[in-house]
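Report on one structure; see the data block that follows.
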Amino acid sequence: MFRSKTLTTSVVSLALLTSLTACGSDSEESDGGSFFSRASGSPSPEAEKASRPSAKTLRDVQEFITGAGLPCDNLTDDESANGTPLEGFLGPAEQTINPDEEADPWAIRKAGFCGNTRSDMGGWLIYLPKDMKAFQENYRKLAREEAKEEGWTKESLAGGSYFFGADFIIDPTNEVASRTLLEAGMLLENCDPSFKAPEGYQTEKALANGCVLTNYLLDPLDQ
């Protein structure tokens, strides 16, 4: 899981990651994601995006979370507020592959938090991106960078803790409610070129080349 000022993992990411050896070479990445060619008659990217929940403001996302039956009290956009993660929010200060780059690689328009990191359920980091493609591509780059440095296995690197709606992202601080977010229509990014979702699970092409979005969540006991 990647969160704020450092590249880290957590219990959340171990529950969510489903495998990534290397998502292919640079030449593979530039092929427009041909690893995941669409079957004839499959939905267009616009139709798939429309099928995911949409929220334009932090309060809209709060309504979505509470509508899914999860606690989302004390909504704030202050990363130093009581109960927020100590690491803060993703943003322009986040380390990148090029640390001299001043631009925000996550392309986040607005960030917020609700819940409490120290509660049994945890809390919810909320991101409203300016550019969803940039967010997904930056996650893929960081996953590969960490894979090279740590030499982790496939099971550790295919997905992050980020749940994607049509135009917003949720990063939970506790894995307890992860499946609830998937059941509510959100999807996870998976960049393993050999990934095939089991029967009955949804898969759609991600904006990052060579990656997909899926509602398949690997059970930690299967890793």
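Each value in this text was obtained by applying a stated rule to the coordinates, not by laboratory testing. Note that the structure is a prediction, hence the values are computed from the model and not measured. Heads up, the Cβs are rebuilt from the backbone with ideal geometry, glycines too, and the neighbour counts pull from every protein chain shown.
Legend: residue pairs LYS56/LYS148; LYS56/LYS196; LYS130/LYS205, Cα-Cα distance threshold 29 Å; pairs beyond threshold, LYS56/LYS148; LYS56/LYS196.
By how many nm would the segment from ARG109 to GLU87 grow when fully extended, if each residue of separation counts as 0.36 nm and the alpha-carbon distance is taken off? Walk me through the intermediate numbers first.
Values: separation 22, 0.36 × 22 = 7.92 nm, distance 1.86 nm.
Net length gain for the segment: 6.1 nm.
Can you figure out the FRET efficiency of ARG179 with GLU145, using R₀ = 30 Å and their beta-carbon distance, to the nearest 0.05? Working shown, then result.
Details: r = 29 Å, r/R0 = 0.95.
Once the sixth-power term is evaluated, E becomes 0.60.
Ordering 106-112, 188-194 by mean Cβ neighbour count within 10 Å, with the highest value first, yields 188-194, 106-112. What the phi angles of region 56-72 give under the Karplus curve with 6.51, -1.76 and 1.60, with θ = phi - 60°, is a coupling list of 9, 10, 4, 5, 4, 5, 4, 5, 4, 5, 5, x, 7, x, 10, x, 8 Hz, glycine and proline written as x.
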